[in-house]
Amino acid sequence: MSDVEELRKKVRKLQSRAGTAKMELHDLAEDLPVNWREIKVVAEKTFDAFAHLDSAKRELSALEDS
């Protein structure tokens, strides 16, 4: 498998994780004020998921452009 194919697979996996994290944050927000103490943890998890996804997308784009 080429580097580009492996990175595409990684991006798909990260997209799934980011989507799941987004839904967890959304569900938490809908249930507020219940579980308000979890906001920081869930938000940080969501932020990290999207940061990793963004990084992988940039890496893939650079690899595809070269």
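The values are calculated or read from the model by the stated rules, or taken from the named source; none is laboratory data. Predicted model, so just to flag it, every value in this text is computed and none were measured. As a convention, Cβ positions derive from the backbone with ideal geometry for all residues, glycine included, and neighbour counts pool all protein chains shown. Quick note on the areas: whole protein, heavy atoms, side chains included, nothing else; ligands and nucleic acids left out. Shrake-Rupley method; radii C 1.70, N 1.55, O 1.52, S 1.80 Å.
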- [ ] Report, in degrees rounded to the nearest 10, the 0 to 90 angle that the Cα long axis of helix 3-30 makes with the longest principal axis of the chain.
- [x] 10
TODO: Just subtract the alpha-carbon distance of SER16 and PHE47 from 0.36 nm times their residue separation and send over the number in nm, one decimal.
DONE: 9.8 nm
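Out of the total accessible area of the range 3-65 (probe 1.4 Å, heavy atoms of protein only), what percent is carbon and sulfur?
Details: 2620 of 4910 Å².
Here it works out to 53 percent.
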Task: Charge-dipole axis of the range 4-66 as Lys and Arg at +1 and Asp and Glu at -1 on Cβ define it, positive-most pick from LEU25, SER66, ASN35 - done: SER66
Open item on the list: Using a probe radius of 1.4 Å on heavy atoms only, what accessible surface per residue do you get for the chain? Whole Å² is fine.
Closed with: 79
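If each residue of separation counts as 0.36 nm, what is the full-extension length gain between GLU6 and ASP54 once their alpha-carbon separation is subtracted? Working shown, then result.
Values: separation 48, 0.36 × 48 = 17.28 nm, distance 1.59 nm.
So the chain would gain 15.7 nm between GLU6 and ASP54.
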Open item on the list: How high is the relative contact order of the chain? Use alpha-carbon pairs under 8 Å, at least six apart in sequence, and give a whole percent.
Closed with: 50
TODO: Send over the per residue convex hull volume for the range 3-65, Cα only, as a whole number of Å³.
DONE: 57
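For the chain, give the magnitude of the charge dipole about the Cα centre (Cβ charges: +1 Lys/Arg, -1 Asp/Glu; no others), in debye to the nearest 20. Write down the numbers at each step before the final one.
Details: 12 positive and 14 negative charges, 19 e Å.
With Lys and Arg at +1 and Asp and Glu at -1, about 100 debye.
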